Amino acid sequence: MEIENSKNIDVLDGNITQAQLNQWKYKHKKVVKLTIADDDETTLFAYFKKPDIAIRSAVLQASKMDEFKALEVLFKNCYLGGDAKIEQEDDLRLNITTAFSDHIQPKPVKVEIQ
């Protein structure tokens, strides 16, 4: 007699589970979900954590020598998961990491002298 396991696993965009997303949110507080279309117009998803000061420093240091290297440092340190095709194809990884980099840029600050 075979025992059937009837657990239902919710698979979300990017082939991650709800449990994985919950774990990331618990660990990193905020998770950024980005969407990109590949050459076949298939929608792909990637999940990133916001960089801390150490990661921002490493990205800044790498950017002084090579902008593409800086994006790679950002990707390797902040990418949590998503569609595997993003990790495998340079152009997808570059485009999505550039969009993520734009999203995490410092926000404008209003300064007033009193």
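The values are calculated or read from the model by the stated rules, or taken from the named source; none is laboratory data. Every value quoted in this text rests on a predicted model; they were computed, and no experiment measured them. Cβ sites come from the backbone with ideal geometry, for glycine too, and all protein chains shown count toward neighbours.
Before we move on, is I36 within 28 Å of N15 (Cβ to Cβ) and either among the hydroxyl-bearing types (S, T, Y) or more than 10 Å from the chain's Cα centre (by Cα) (or both)?
So I36 passes the test.
For I55, all conditions in the list (1) modelled with pLDDT of 95 or more; (2) over 22 Å from Q105 (Cα atoms) hold save one; what is the number of the exception?
Condition not satisfied by I55: (2).
Quickly run through the range 44-63 and pick out the residues that are in contact (Cβ under 8 Å) with a residue 12 or more places away in the chain and under 16 Å from the mean Cα position of the chain (by Cα).
Passing the criteria: L44, F45, A46, Y47, F48, K49, K50, P51, I55, V59.
Before we move on, is R93 at negative phi and touching an Asp or Glu at 6+ places or on another chain (Cβ under 8 Å)?
Judged against the criteria, R93 is a match.
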